[in-house]
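Student: My questions all concern the structure below.
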Amino acid sequence: MILEHALLQVLPGKEAAFEAALAEAKPVISASPGFRGIEVRRDCEMPGHYLLIVRWDSIADHREGFRKSDRYQQWRELLHPFYDPMPSVAYFGDVL
């Protein structure tokens with residue numbers, strides 16, 4: 001299993017709207033082949049900062065499957081307007 005990791009910086013004052021959009025976007029990503037789960041955590045000390053972790057069977061399930069699908073376009077429309085700057089994504093595999 002692969003963990004997709006991204007630090008999200010949401011525009012000031014838009015946190016509540018972002019969280020509502022995230023709830024709307026969750027079923028969109030959840031329908032993707034290879035999707036295994038999602039966590040989003042709010043930073044306890046820095047308002048507007050979130051940690052996104054998505055569990056995938058493989059990197060290809062994210063890059064080739066989800067990102068090249070119509071579902072990703074819906075995800076982008078719902079969430080990308082909230083980010084500044086756009087987050088970068090990293091992938092992590094098992095060690096232990």
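The values are calculated or read from the model by the stated rules, or taken from the named source; none is laboratory data. What you see is a predicted model; the values in this text were computed from it and never measured. A quick note on method: Cβ atoms are made from the backbone with ideal geometry, for glycine too, and the neighbour counts reach across all protein chains shown.
Student: Determine which single condition Trp56 fails, assuming it passes every other condition in (1) modelled with pLDDT under 95; (2) farther than 19 Å from Gln9 by Cα.
Tutor: (1)
Student: So, one more: If you go through segment 7-23, how many residues are under 19 Å from Gln73 (Cα atoms) and loosely packed, with under 13 Cβ neighbours inside 10 Å?
Tutor: Adding up the residues that qualify gives 2.
Student: Being surrounded by fewer than 15 Cβ atoms within 10 Å (Cβ to Cβ), at pLDDT below 95 and in contact with a helix residue (DSSP H, G or I) (Cβ under 9 Å, 6 or more places away or on another chain) narrows it down to one of Pro81, Pro33, Pro47, so name that one.
Tutor: Of the residues listed, the single one that is surrounded by fewer than 15 Cβ atoms within 10 Å (Cβ to Cβ), at pLDDT below 95 and in contact with a helix residue (DSSP H, G or I) (Cβ under 9 Å, 6 or more places away or on another chain) is Pro47.
Student: Go through segment 78-96 and report how many residues are closer than 15 Å to Lys14 by Cβ and either free of Cβ contacts under 8 Å to residues at least 40 places away in the same chain or among the hydrophobic types (A, V, I, L, M, F, W, C) (or both).
Tutor: The number of residues fulfilling the criteria is 6.
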